[in-house]
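Chemist: After the C-alpha cells below, expect a handful of questions from me.
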Amino acid sequence: MSLLHDVEAVLLAAGYDTRMAPEPGNPLYFEDYSIFGFCVAYETVEDLITTWLRNQENFLTLHAPSLRQASQKAWNCYAVHVTAAAATERELRELLNIEEDFRSTRKIARAGLSTAGDLTRALYPLLPIQNIVRLRGEATTKDLSERLLWPTGAIKALLGNGSPNDVLDLLLEEK
C-alpha cells in the first residue's frame, strides 16, 4: 500500500482536488470548496512524532500569502500525518496529543494504517458523512418499514427490481 497514493485516491473519490508537492517530504496537497491542507506519510511513528510540527510550519510558511486571502476557508486547514507503522501505547498517546493541538491547523495523526478501511476511517473528518446501513436477510422489508415509514410497495420496489422512478411513483401515490 503506497500510503500517499491511497490517501489521494480516497480524497479524489470524495471530490477533492489533489497534487503532489515538490518540496521536501513530498506532501500531498488537497482542497475542495471549504477544506484544504496537506498530508505527509512517514516511515515510522517516531518520524511522525518528531517532524510533524516542522512539516506543518513549512506548509504554513510556504502558503502564508494564500492563507491570508482564504478568510473563512483558512479555518478549515488540515494537516494530515499518517504512517503504516504500528504504534506503541506511548506513541498512541503522542499521536492523540498531536490531534488535540488546535494551534494553526486541524490535525489528523494516525498510525497502523495497513488497510484501505483503516485509511478511510482515519480520513473520516475530511469525508462526507456516510451512513452505512446493514440489511439482515428476511427481516429486511420489516426493518425498512419501521425505519423509513414508507408504503410496503415502495419498500418492495426498492429491494426488488424497481427502478428509482418506480420507487418515487409509489412514494408519491401515498401523498
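The values are calculated or read from the model by the stated rules, or taken from the named source; none is laboratory data. Since this is a predicted model, take the numbers as computed values, not measurements. Here Cβ is always computed from backbone atoms with ideal geometry, including for glycine, and neighbour counts include all displayed protein chains. Side chains are part of the model used for accessible areas, which takes the heavy atoms of the whole protein and leaves out ligands, DNA and RNA. Shrake-Rupley method; radii C 1.70, N 1.55, O 1.52, S 1.80 Å.
Chemist: Hey, among ALA79, ALA74, ALA87, which residue is closer than 17 Å to ILE35 by Cβ, surrounded by 11 or more Cβ atoms within 10 Å (Cβ to Cβ) and modelled with pLDDT of 95 or more?
Modeler: Matching residue, one of ALA79, ALA74, ALA87: ALA79.
Chemist: Sticking with this one: Among the residues that make up segment 34-43, is at least one of them in contact with a strand residue (DSSP E or B) (Cβ under 8 Å, 6 or more places away or on another chain), open to solvent by 30 Å² or more (accessible area, probe 1.4 Å) and on the phi < 0 side of the Ramachandran plot?
Modeler: The answer is yes, given that some residue of segment 34-43 is in contact with a strand residue (DSSP E or B) (Cβ under 8 Å, 6 or more places away or on another chain), open to solvent by 30 Å² or more (accessible area, probe 1.4 Å) and on the phi < 0 side of the Ramachandran plot.
Chemist: Out of (1) among the hydroxyl-bearing types (Ser, Thr, Tyr); (2) assigned to a strand (DSSP E or B); (3) more than 21 Å from the chain's Cα centre (by Cα), what's the single condition that is false for TYR29?
Modeler: TYR29 satisfies every listed condition except (3).
Chemist: Can I ask one more? Restricting to segment 134-159, name every residue that is surrounded by fewer than 10 Cβ atoms within 10 Å (Cβ to Cβ) and at pLDDT 65 or above.
Modeler: Those that are surrounded by fewer than 10 Cβ atoms within 10 Å (Cβ to Cβ) and at pLDDT 65 or above: ARG134, GLU146, LEU149.
Chemist: Quick test of your reading of the structure: PRO24 fulfils all but one of (1) modelled with pLDDT of 90 or more; (2) open to solvent by 50 Å² or more (accessible area, probe 1.4 Å). Name the failing condition by number.
Modeler: (1)
Chemist: Within segment 58-70, is there a residue that is modelled with pLDDT under 90, among the hydrophobic types (A, V, I, L, M, F, W, C), under 25 Å from PRO128 (Cα atoms) and surrounded by 13 or more Cβ atoms within 10 Å (Cβ to Cβ)?
Modeler: For segment 58-70, residues modelled with pLDDT under 90, among the hydrophobic types (A, V, I, L, M, F, W, C), under 25 Å from PRO128 (Cα atoms) and surrounded by 13 or more Cβ atoms within 10 Å (Cβ to Cβ): present.
Chemist: If you don't mind, another one. What pairs come out if I take residues in segment 81-98 that are in a strand (DSSP E or B) and pair them with residues that are open to solvent by 70 Å² or more (accessible area, probe 1.4 Å) whose C-beta lies under 8 Å away, six or more apart or interchain?
Modeler: Matching pairs, first to second residue: HIS81/ARG110; VAL82/ARG110; THR83/GLU43; THR83/ARG110.
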